[in-house]
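Written out below as structure tokens is the structure these notes cover.
The values are calculated or read from the model by the stated rules, or taken from the named source; none is laboratory data. As the structure is a prediction and not an experimental result, all values here were calculated from the model. Cβ coordinates were reconstructed from backbone atoms using ideal geometry, including for glycine residues, and neighbour counts include every protein chain displayed.
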Amino acid sequence: MNICVLDLETSSFQANSGIILCAVIKTYGESTIKTYRADKYSNWKTNKSNNKSLVKDVINYLKNFDIIIWHNGEQFDKTFLTSQCVKYGLEPITRYVKSIDPCATARKHLRIGRNSLVSLIDFLDIPDKKTPIDYSHWLKASLDSNMNYIVDHCVADVISLEKVYKKVKCLIDKIDKRGSSF
């Protein structure tokens, strides 16, 4: 069973007014991390609003996995990526992908103030910390092509999320190629 950890950073919370700035996919339990940066695609300088090549590459890479771990992924990452697929006429594989969402698991089984990734990192005493969110970095990435902070943030999220999952997976009844049950 092939499992990955995924995080997206986008220019907006809505797919109809934003693009994917960065996607990071880490093979679960391995050191392999694949990073997709919008600024590395040939159309970035002239047509930033067209994210089709990045979305296509992400979707094609995700075909290697049976299950995706993503924090609040059912509510955000999955729907954003699916929206982009439909927009560009690509196969919306994330619509049907099996998922594990530590945020949903925490919401159902833990009594902590918030279920954000930073709250879970703190509560579970995970040494890797999330980088601070300063929305000016997203603006700079979107408009000025200053993407390094966004990419570093996304990589840190994936590494932390994998560790959060390792701690909360004891709360998941079963994990198989069909995904997980609470």
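If you take the residues in segment 101-129 that are of a type in the set (A, V, I, L, M, F, W, C) and assigned to a helix (DSSP H, G or I), which one is farthest from VAL164 (Cα to Cα)? Per the criteria, the residue is ALA104.
Taking segment 142-162 as the range and being part of a helix (DSSP H, G or I), touching a helix residue (DSSP H, G or I) at 6+ places or on another chain (Cβ under 8 Å) and either at pLDDT below 75 or of a type in the set (D, E, K, R) (or both) as the test, only ASP157 passes.
Consider segment 21-32 and keep the residues that are part of a loop (DSSP other than H, G, I, E, B) and not aromatic (Phe, Trp, Tyr). The one that is surrounded by the fewest Cβ atoms within 10 Å (Cβ to Cβ) is SER31.
Restricting segment 33-49 to residues that are in contact (Cβ under 8 Å) with a residue 40 or more places away in the chain and not in a loop (DSSP other than H, G, I, E, B) leaves a set whose member that is nearest to ILE159 (Cα to Cα) is ILE33.
For the structure I just gave you, tell me whether ASP101 is in contact (Cβ under 8 Å) with a residue 12 or more places away in the chain, surrounded by 14 or more Cβ atoms within 10 Å (Cβ to Cβ) and out of contact with any Leu (no Cβ under 9 Å at 6 or more places or on another chain).
Details: in contact (Cβ under 8 Å) with a residue 12 or more places away in the chain: yes; surrounded by 14 or more Cβ atoms within 10 Å (Cβ to Cβ): yes; out of contact with any Leu (no Cβ under 9 Å at 6 or more places or on another chain): yes.
Here the answer is yes, as ASP101 does meet what is asked.
Before we move on, is ILE25 over 19 Å from VAL151 (Cβ atoms) and among the β-branched types (Val, Ile, Thr)? Judged against the criteria, ILE25 is not a match. Could you please give the count of residues in segment 51-98 that are crowded, with 21+ Cβ neighbours inside 10 Å, touching a residue at least 40 places away in the same chain (Cβ under 8 Å) and in a loop (DSSP other than H, G, I, E, B)? Number of matching residues: 3.
Look at segment 1-15: where a residue is farther than 19 Å from GLN75 by Cβ and touching a residue at least 12 places away in the same chain (Cβ under 8 Å) and a partner is in a strand (DSSP E or B) and not charged (D, E, K, R), sitting 6+ places away or on another chain with Cβ atoms under 7 Å, you get MET1/ILE67; ILE3/ILE67; ILE3/ILE69.
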